[in-house]
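No value in this document is a laboratory result; all are computed from the given coordinates. A quick note: this is a predicted structure, and the numbers were derived from the prediction, not measured. FYI the Cβ positions are ideal-geometry reconstructions off the backbone, even for glycines, and counts take in every protein chain you see.
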Amino acid sequence: MKVVNIESMVKGWFVGDFEPTALRTDACEVAVKHYAAGEQEAAHYHRVATEVTLVLAGRVRMCGRELRTGEIVVLSPGEATDFEALTDATTVVVKTPGAKNDKYLL
């Protein structure tokens, strides 16, 4: 059994083909991300990976749309999004496959 702490991970990413990680794999990447109200991420897209984001808590804006607790957005390769935390928020993000260097800023 391996036990790690999310606090030792980088930006909440804990599964994927990077270090540190709880599980090293190129099949997918998984993160739990915490945001303070007003935090943003730049618009980007992936050429290879599909990105799934669950709003675990709070309200966020992605693709110009407000999302609330429990809502899930699935972005196919090539679909662009930006991100803004409208309130303090927590998301769970899964990217599959785990493709290195597959984030392209707009």
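Odds and ends about this structure:
- Given (1) part of a loop (DSSP other than H, G, I, E, B); (2) closer than 15 Å to Lys103 by Cα, index of the condition Glu41 fails: (1)
- Residues located in region 1-18, provided they are part of a loop (DSSP other than H, G, I, E, B), under 23 Å from Leu105 (Cβ atoms) and over 11 Å from the mean Cα position of the chain (by Cα): Met9, Gly16, Asp17, Phe18
- Candidate set: region 76-90, residues that are in contact with a Leu (Cβ under 7 Å, 6 or more places away or on another chain) and not in a loop (DSSP other than H, G, I, E, B); chosen: the one surrounded by the most Cβ atoms within 10 Å (Cβ to Cβ): Thr81
- Region 57-75 - residue that is under 12 Å from the mean Cα position of the chain (by Cα) and buried (at least 16 other Cβ atoms within 10 Å of the Cβ) and, of those, farthest from Ala99 (Cα to Cα): Met62
- Looking across region 23-53, the residues that are aliphatic (A, V, I, L, M), under 12 Å from the mean Cα position of the chain (by Cα) and surrounded by fewer than 17 Cβ atoms within 10 Å (Cβ to Cβ) come down to Val32, Val52.
- Residue check for Ala99: of a type in the set (Gly, Ala, Ser), surrounded by 13 or more Cβ atoms within 10 Å (Cβ to Cβ) and touching a Ser or Thr at 6+ places or on another chain (Cβ under 6 Å): no
- In region 26-61, the residues that are β-branched (Val, Ile, Thr) and touching a strand residue (DSSP E or B) at 6+ places or on another chain (Cβ under 8 Å): Val30, Val32, Thr50, Val52, Thr53, Val55, Val60
- Condition check for Thr21: touching a Gly at 6+ places or on another chain (Cβ under 9 Å), under 18 Å from Lys2 (Cα atoms) and of a type in the set (Val, Ile, Thr): no
- Reported count of residues in region 19-38, each being part of a loop (DSSP other than H, G, I, E, B) and either free of Cβ contacts under 8 Å to residues at least 24 places away in the same chain or more than 17 Å from Ala99 (Cβ to Cβ) (or both), is 8.
- In region 54-106, the residues that are of a type in the set (Gly, Ala, Ser) and closer than 18 Å to Trp13 by Cβ: Ala85, Ala89, Gly98, Ala99
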